[in-house]
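Below: one structure, written as structure tokens.
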Amino acid sequence: MPIRAIILDIGGVLEHTPDLDTAARWEPEFGSGWIHRVDPVFRAGEIGEITLEQVHERAADALGVPVARIEAFMDDVWVEYLGTYNAEIADYWRARRDEGYTTAIISNSFVGAREREEEAYRFSELTDLIVYSHEVGMLKPDPAIYELCLDRLGLPPEETVFVDDVEGNCAAARALGMSAVLFKDTAQAVRELDALLQRA
């Protein structure tokens, strides 16, 4: 079957997101191994079990610090989270949409991500569908999050290609019958997408 939809990840694909050592930079204030004490809070934020305000409050309680310090930490987190816009892959993707391909996003995300990414990058203007983990309560590589995306698109897996920078997430897509491209750099991803789309 021909490919009809191109589904992208955000972090590491639509956004360049280098590790800025944010957690390590806060260790002198929060204490050695602090991240493990708040991991359950942040995991809950990834699947939308709690609000962003609750993330701040519960993390502050776990660490015994004022909420304002967690808010300051999160300001740094959002800088790393948003990274910088990968205009080259976004322009390629937009051009394919203009040609008639459906576009979608599947992202392991965090409460508050939609608002911040929309303000920064206007992803809604590039794509027909965005599936955020914090809004649907599932994380890649859970097959259910891919199945939800396919159901909302109304397409069988064989008519879709998924691009992600994590091999495990690509493997999960392939297991459902989707094509998948492991993103290493933009030029490589475009070459592999062109081959799958049978573009000259």
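Between region 156-200 and region 115-151, how far is it from one alpha carbon centroid to the other, in angstrom?
17
For the chain, which whole-number percentage of the solvent-accessible area (1.4 Å probe, protein heavy atoms only) is attributable to carbon and sulfur atoms?
49
What do you get for trypsin sites (Lys or Arg not before Pro) in region 104-158 restricted to DSSP loop and a cutoff of at most 10 other Cβ within 10 Å of the site's Cβ?
none
Nearest 500 deg cm²/dmol is fine: what mean residue ellipticity at 222 nm does the chain get from its DSSP H runs of n ≥ 4 alone, each adding -39,500 (n - 2.57), divided by its residue count?
So the calculated ellipticity at 222 nm is -15500 deg cm²/dmol.
For the chain, just list the percent of Cα-Cα distances falling in each 10 Å bin from zero outward, please.
Bins of 10 Å from zero give 9, 34, 33, 17, 7, 1 percent of pairs.
Out of the trypsin sites (Lys or Arg not before Pro) in region 170-200, which ones are loop residues according to DSSP with at most 11 other C-beta atoms within 10 Å?
K184, R199
For region 1-99, what does the equivalent ellipsoid look like in terms of its semi-axes, each the square root of 5 times an eigenvalue of the Cα gyration tensor, given largest first in whole Å? Working shown, then result.
Working: eigenvalues 241, 47, 23 Å².
Gyration-tensor ellipsoid for region 1-99: 35, 15, 11 Å.
Given a 1.4 angstrom probe, what's the average accessible area per residue across the chain, in square angstrom?
47
Taking square-rooted eigenvalues a ≥ b ≥ c of the alpha carbon gyration tensor, is region 98-178 rounded, prolate or oblate, where a/c under 1.5 means rounded and, failing that, a/b exceeding b/c means prolate? Before the final figure, lay out each step's value.
Values: a/c = 1.83, a/b = 1.22, b/c = 1.49.
Taking the square roots of the gyration eigenvalues as a ≥ b ≥ c, region 98-178 is oblate.
The values are calculated or read from the model by the stated rules, or taken from the named source; none is laboratory data. What you see is a predicted model; the values in this text were computed from it and never measured. Positions of Cβ are backbone-derived with ideal geometry, glycine not excepted, and every protein chain shown enters the neighbour counts. Quick note on the areas: whole protein, heavy atoms, side chains included, nothing else; ligands and nucleic acids left out. Shrake-Rupley method; radii C 1.70, N 1.55, O 1.52, S 1.80 Å.
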